[in-house]
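*Asks:* Sharing a structure with you now.
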Amino acid sequence: MKIFSWEQETAAYLCDRKDRLQPWAAVRLCQEISEAHSRAMGVGYEELMRRNSIWILSRAYYNIYKRPEAFEKVMLSTWSRGTDGLFAFRDYRMTNLSGETLLTGTTYWPMIDFTSRKPIRLKEIMANYECCTDEATDHSVLERLRLPDMSNPDGIFEQTAAHSMIDHAQHVNNAEYVRLVFDSLMQTDFDLDKPFSLEINYQHETQPGDTLSVSRKQDNDAVCFQISNSRGVSVMSKVKFKV
């Protein structure tokens, strides 16, 4: 199947105090449909663990045009755009039942050896994966994100990597970093009711009990974030209003 879709109702526990889907929850839903599609194609978590391998997220870009309300039914779709040997390219689109686009996304997924954490080439594992060349966003090619000097941030806070943040890949889940980004962002006057983009690069894994330091800095029309752990920069991110 080239395009994998499911219809679902926006659960209230994924929404904020305004009953709108939280950004971290939107990212989590994209992760969940990725796994569902991979399982349907025979390369889901259980199958890969028998090969001592696992998917991880490396780079992502999302456009969030409108956040669905609690209990609103939406259609979320995903598809593979192929690979370049080390990265599998995966796109997303979320619409309401009237066909209005709520979210689009482009992501890069490497596969790693579960024990050594080293990348695995994808040619064999993706041999039977049907691909679709449709590009959900105008960022089909995701370059390494570059941030301004973050040594004098506008805001900074620390967070312990609690056990509740760890997923079955044995590291802090990608959506938990998005939660930290928006917890920091909401200390500013950023308006989540306006369309915005989120770009994020994942660099170094974070293990349970490690301390995450979140730095925030305004950079012209964007707000930049650097999240560091004991081994250096773990995540870089940029949020900006859509023009």
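*Asks:* Return the only residue of PHE225, PHE190 being over 13 Å from LEU145 (Cα atoms) and either in contact with a helix residue (DSSP H, G or I) (Cβ under 8 Å, 6 or more places away or on another chain) or surrounded by fewer than 20 Cβ atoms within 10 Å (Cβ to Cβ) (or both).
*Replies:* Values: PHE225 fails: over 13 Å from LEU145 (Cα atoms).
Just one listed residue meets the conditions, PHE190.
*Asks:* Filter the range 1-24 for residues that are of a type in the set (A, V, I, L, M, F, W, C) and within 10 Å of the chain's Cα centre (by Cα) and give the result.
*Replies:* Once the filter is applied, which keeps residues that are of a type in the set (A, V, I, L, M, F, W, C) and within 10 Å of the chain's Cα centre (by Cα), the range 1-24 yields only TRP24.
*Asks:* Taking the stated definitions as given, is LEU147 within 18 Å of ALA175 (Cβ to Cβ), modelled with pLDDT of 95 or more and assigned to a loop (DSSP other than H, G, I, E, B)?
*Replies:* Answer is no for this residue.
*Asks:* Among the strands (runs of 3 or more DSSP E) confined wholly to the range 1-78, which include 2 or more residues that are of a type in the set (Phe, Trp, Tyr) and crowded, with 20+ Cβ neighbours inside 10 Å?
*Replies:* Numbers: elements: 3-9, 53-55, 59-64.
Once the strands (runs of 3 or more DSSP E) in the range 1-78 are filtered for at least 2 residues that are of a type in the set (Phe, Trp, Tyr) and crowded, with 20+ Cβ neighbours inside 10 Å, what remains is 59-64.
*Asks:* I've got another one for you. Looking only at the range 179-224, which residues are within 21 Å of ASP138 (Cβ to Cβ), at pLDDT 95 or above and among the polar types (S, T, N, Q)?
*Replies:* Across the range 179-224, the qualifying residues are SER197, ASN201.
*Asks:* Would you mind stating whether GLU199 is of a type in the set (Asp, Glu) and in contact with a helix residue (DSSP H, G or I) (Cβ under 6 Å, 6 or more places away or on another chain)? Let's see the steps before the verdict.
*Replies:* Numbers: of a type in the set (Asp, Glu): yes; in contact with a helix residue (DSSP H, G or I) (Cβ under 6 Å, 6 or more places away or on another chain): no.
Criteria not met by GLU199.
The values are calculated or read from the model by the stated rules, or taken from the named source; none is laboratory data. As the structure is a prediction and not an experimental result, all values here were calculated from the model. Note that we place each Cβ from the backbone using ideal geometry, even for glycine, and neighbour counts take in every protein chain shown.
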